[in-house]
Amino acid sequence: MPNTPDEQLHPQLHFNSYGHYLRRRFGFRISKVNVDAGFTCPNRDGSKGTGGCIYCNNVSFSPKETQSVVPLEEQMAAGMTYHRIRLGSEKFIIYFQKYTNTYGSVELLADLYHRALDHPNVIGISVGTRPDSLSDGALDLLTDIARTKYVCLELGLQSMDDDILTRINRGHTLDDFIGTVTRAAGRNFDICAHLIHGFPGESAADFLKTAGLMAGLPINSLKLHQLHAVTGTELAELYRRGEFVPLTLEQYVTTVADFLELLPPRIAIQRLYGSAPLEISVAPRWGVKNNRMWYTIVNELTQRGSWQGRRAETSE
Ligand code: SF4
């Protein structure tokens, strides 16, 4: 017996978009403002590894105005102005995005997070980090902030396959991710997982198993994107040697729609695809603008007459 659409789903998008989730939770539009707080990453500085993940070039996920040399407050002001003009947003979540944003002393983290939260229009923070870089002190700090503000902890998993994690030089395992989610659960803040589809040697069926993993964990939201190669990365070299064959747009859209069908409606979707600045993008280059990518996936669900969770296990 098929599930029926859930009230958590956006009525036109047919999935639980994060914007829709925030609006239901807070009652108004909220935008995320990305900042670069000047962190590095233990998978690049030698403490966990060197060279980083084979696809990592932080320029690819860092807007130009969020350079670490710019004071946090200036980055926030520029980002809030941008979203206010573009979308009419008046309330914001500050997203500590670049590199590993819990990789520092608790005192440093507390200073940065509280500086962001001091702004009267900031309702909370989102903190991106690795599953192997979250101390008990950092967890307690986030727990304390979550008593009065919105907090989302964003954990990069990327793949649930340990062989793939090794091949892409992630420097952590699936068990590390599950252990950290378990430690972070029940602390009254949201947990978001980051996933990538399209690794060499990964089939669509392999990737779709991740929906079941997410369904069984206390994950509140997901970010998903296709594996793409940008200049200056090992992945770009693999592509040039023919050892990384990017997904086609059709393959990606089909698999994402399948994934959404298998994912419980309670898990909000923060991102459905990735993009890199054209000047550093190597492959794939699908030639589809960002807003069209979003609607290409929405259209796939619509044409199927389907929705997020239609084929999910219904134990919740
Ligand atoms: S964990 Fe993130 S910042 Fe660190 S190397 Fe990998 S992609 Fe880059």
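Laboratory data are not the source of any read-out in this text; all were calculated from the coordinates shown. Not measured: the values here are computed from a predicted model. Note: ideal-geometry Cβ built from the backbone for every residue, glycine included; neighbour counts use all protein chains shown.
Assorted remarks:
- Quotient of Cα Rg and 2.2 N^0.38 Å for region 212-316, N being how many residues it contains: 1.20
- A cut-off under 12 angstrom between Cβ atoms defines the neighbours of C41, and their net charge, with Lys, Arg +1 and Asp, Glu -1, is +3.
- Lysine pair count for the chain (Cα-Cα distance under 21 Å; residues 8 or more apart in sequence or on different chains): 13.
- Coil-residue trypsin sites (Lys or Arg not before Pro) of region 146-239, DSSP, other Cβ within 10 Å capped at 12: R147
- Note on L174 and I85: their simple-model spin labels are 4.7 nm apart, each label 7 Å out from Cα toward Cβ.
- The H on the amide N of I269, modeled in the peptide plane, is under 5 Å from the matching H of N16, S17, Y18, L222, each at least 5 residues off or on a different chain.
- Label-point gap, in nm, between R241 and S47 - each point 7 angstrom along Cα→Cβ: 3.1 nm
- Extension gain from E74 to W294, taking 0.36 nm per residue of separation minus the Cα-Cα distance: 76.2 nm
- Only Lys, Arg (+1) and Asp, Glu (-1) charged, at Cβ; the chain dipole about Cα centre in debye: 940 debye
- Derived from the Cα gyration tensor, the three semi-axes of the equivalent ellipsoid of the chain are 27, 25, 20 Å, largest first.
- For K32, nonlocal amide neighbours, meaning residues 5 or more places apart or on other chains whose placed amide H falls under 5 Å from its own, are I93.
- Between S203 and T182, the C-beta separation translates, for a Förster distance of 25 Å, into a calculated FRET efficiency of about 0.30.
- Within the listed set D36, D162, D45, the Gaussian network model of the chain (springs between alpha-carbon atoms below 10 Å) gives the highest mean-square fluctuation for D45.
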